[in-house]
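The values are calculated or read from the model by the stated rules, or taken from the named source; none is laboratory data. This one's a predicted model, so the numbers in the text were calculated from it and none came from an experiment. Positions of Cβ are generated from backbone atoms using ideal geometry, with glycine treated the same way; all protein chains shown enter the neighbour counts.
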Amino acid sequence: MLAELFLDAARSCQGHSPLTHALLVAAAGDLARGGVTARVMAGAECDRQGTVPGLRFAGALHRLVLEGRAPALAAHYPTAGGEPDLRTLWDDVLPVLHEHADELRAAIASTVVQTNEPGRSAPLFGGLQTATHLAAVAAGRRTRFPVRLLEVGASGGLNLRPHRIAYLVDGVKLGDPGSAFALDPRWTGRPPADLDHNLRLVRRAGCDLDPVDVTTEDGRLHLQSFVWADQVHRFERLRAALDLAQLDPVPVRRAAGPEWLAEQLARPERDVLTVVWHSVVWQYTSPADRAMGRAVLADAAGRATPMAPLALLVYEPRRTHGADPYQFQLLLKLWPAGVSLRLGSGAGHGIPFTWDPRPWT
Ligand SMILES: C[S@@+](CC[C@H](N)C(=O)[O-])C[C@H]1O[C@@H](n2cnc3c(N)ncnc32)[C@H](O)[C@@H]1O
C-alpha cells in the first residue's frame, strides 16, 4: 500500500534528511486518512516499491519550491534559503498540495527518480590517474596514454569532466586548478600514481536508459529536485557541476548499456586508453543486461593490445563480510596488462574516500 511505501522512503532518509523524513511521514499519514495526498498520488496506488513513489512526491514538491512557486513552503527549504520548522512544515505543505494537485499528480506520474552525483568524480579522477599510470608502465611507455572515457548509466553526464575539476589535496589544487568547480575529496591515503600528471580526455561519451539533458532548464531542475532539500552541500556541488556542464557539454545517448558499449568498443583505438566507467548503476540492471555487459567487455578485452589498452573502472556498492553489509568500492581492471585491483572504498557519494589498493580477485 502506498502509505507503507512512503514510510519505507521516509526510513531511507532518516538520519540524512530530517526535512524529507518529516515530509514523508506526514504525507503517509495523510494518505492513510484519504487526505489531499491521496488525490495527488491518484493513479500511483499500484506503483512498485522500486519506483519510490515517496521520493517522486518529495521531488515534485521540491521542484515547485525551486521554481519559486511555493513561497510559504520555501521558508522550510534550505535549498531555497529557508530554515526547516518540522512542527509547522505540513501546515505549509497542505495549501501547496491543494493548489497544485493536478500538476503534481501529472509530474509524479511521468517522472522516474533520477540522480547524478558529481562527488563521484573524485574517486574517478584518482582511478584514471592510476589506470593511465599502470597502462603506460605495462606498455613500456614513458608518457601516459590519453583517455577515451565511456560511461554507462551516465544520467546527466556530470561525471564526464573529471579533468576539469579542482581537487584540494594536501593544500594543493590537483586536476584543473583554475576550475570554478572545486571539490575537497577528503582522501585518506593516496592513489598509487603521480597526481600532478595532466589527465587528457580526448573523447568522452555516455549512455543512459533515461538520460537527463542538463543543457535545458527542465533537465537541471529535474536533477536538483531529487537532492534532499536540507543537504545544501550536495545541492551546491550539483549546481557547480551543472554550471561546468554548460561550458563543456557532452551529450548522453538514450540507450541500454550493453548494446551501446558493444558499438563503442567494436574497434580498439590505438594510442589511447579506453576506460569503461560506471557508478551506482549495477544494482539497477537486469541479469540479462549484466550477462551481456560482461560478454561485451570480455570480447573487447580479448582484442586489447599494449598500445590499445582497455580499462574497466567502477564505483559500486559490494557485499562485504565486515560490519557493514555493503561497501562502495572502486575497482580497476586493465587489459592486456592483467591488472585487477580494488583501489579503495568510500561514501556512496564518492566523498570521503580511502585509498587502499589490493588485489581484486
Ligand atoms: C543511481 S543513477 C547513477 C547515475 C550516475 N552514474 C552517478 O553516479 O551519478 C543510475 C543510472 O543508471 C541508469 N541505468 C540503469 N540501468 C541501465 C542500463 N541497463 N543501461 C543504461 N543505463 C542504465 C539509470 O537510468 C540511472 O540514470
Restricting the first residue to region 281-294 and requiring it to be within 6 Å of the ligand (Cβ to nearest atom), which pairs with a second residue that is in a loop (DSSP other than H, G, I, E, B) meet a Cβ separation below 7 Å and a spacing of at least six or different chains?
-> Val281/Gly153; Asp289/Ala256
Could you list, in sequence order, all residues of region 310-347 that are modelled with pLDDT under 95 and over 18 Å from Arg120 (Cβ atoms)?
-> Arg319, Thr320, His321, Gly322, Ala323, Asp324, Pro325
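Which one of Val275, Val252 is within 10 Å of the ligand (Cβ to nearest atom), assigned by TED's automatic domain parsing to the domain that holds Ser179 and closer than 13 Å to Glu151 by Cβ? Walk me through it before giving the result.
Values: Val275 fails: within 10 Å of the ligand (Cβ to nearest atom).
Of Val275, Val252, the one residue that is within 10 Å of the ligand (Cβ to nearest atom), assigned by TED's automatic domain parsing to the domain that holds Ser179 and closer than 13 Å to Glu151 by Cβ is Val252.
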Does region 105-163 hold any residues that are over 20 Å from Glu316 (Cβ atoms) and basic (Lys, Arg), and which are they?
-> Arg105, Arg141, Arg142, Arg144, Arg148, Arg161
Only residues that are crowded, with 22+ Cβ neighbours inside 10 Å and away from the ligand (no atom under 16 Å from the Cβ): list them for region 122-170, please.
-> Gln129, Thr130, Ala131, Thr132, Ala135, Arg144, Phe145, Val147, Tyr167
When residues of region 176-217 are limited to those that are within 16 Å of the ligand (Cβ to nearest atom) and closer than 15 Å to Asp243 by Cα, the one surrounded by the fewest Cβ atoms within 10 Å (Cβ to Cβ) = Asp213
If you go through Asp208, Asp170, the only one that is under 20 Å from the mean Cα position of the chain (by Cα) and assigned by TED's automatic domain parsing to the domain that holds Arg270 is Asp208
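Go over the candidates Ala245, Ala229, Ala266, Ala241 one by one and state the one that is crowded, with 21+ Cβ neighbours inside 10 Å and more than 15 Å from the ligand (Cβ to nearest atom). Even if it seems obvious, please write down each step before you answer.
Values: Ala245 fails: more than 15 Å from the ligand (Cβ to nearest atom); Ala266 fails: crowded, with 21+ Cβ neighbours inside 10 Å; Ala241 fails: more than 15 Å from the ligand (Cβ to nearest atom).
After applying the criteria, what remains is Ala229.
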With the checklist (1) surrounded by fewer than 18 Cβ atoms within 10 Å (Cβ to Cβ); (2) closer than 26 Å to Val214 by Cα in hand, flag the one item Val281 doesn't pass.
-> (1)
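Quick grid of which residues meet (1) within 23 Å of the chain's Cα centre (by Cα); (2) within 19 Å of Cys13 (Cα to Cα); (3) among the acidic types (Asp, Glu):
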| position | (1), (2), (3) |
| --- | --- |
| Val25 | no, yes, no |
| Ala28 | no, yes, no |
| Val36 | no, no, no |
| Asp47 | no, no, yes |
| Phe57 | yes, yes, no |
| His62 | yes, yes, no |
| Gly68 | no, no, no |
| Pro71 | no, no, no |
| Tyr77 | yes, yes, no |
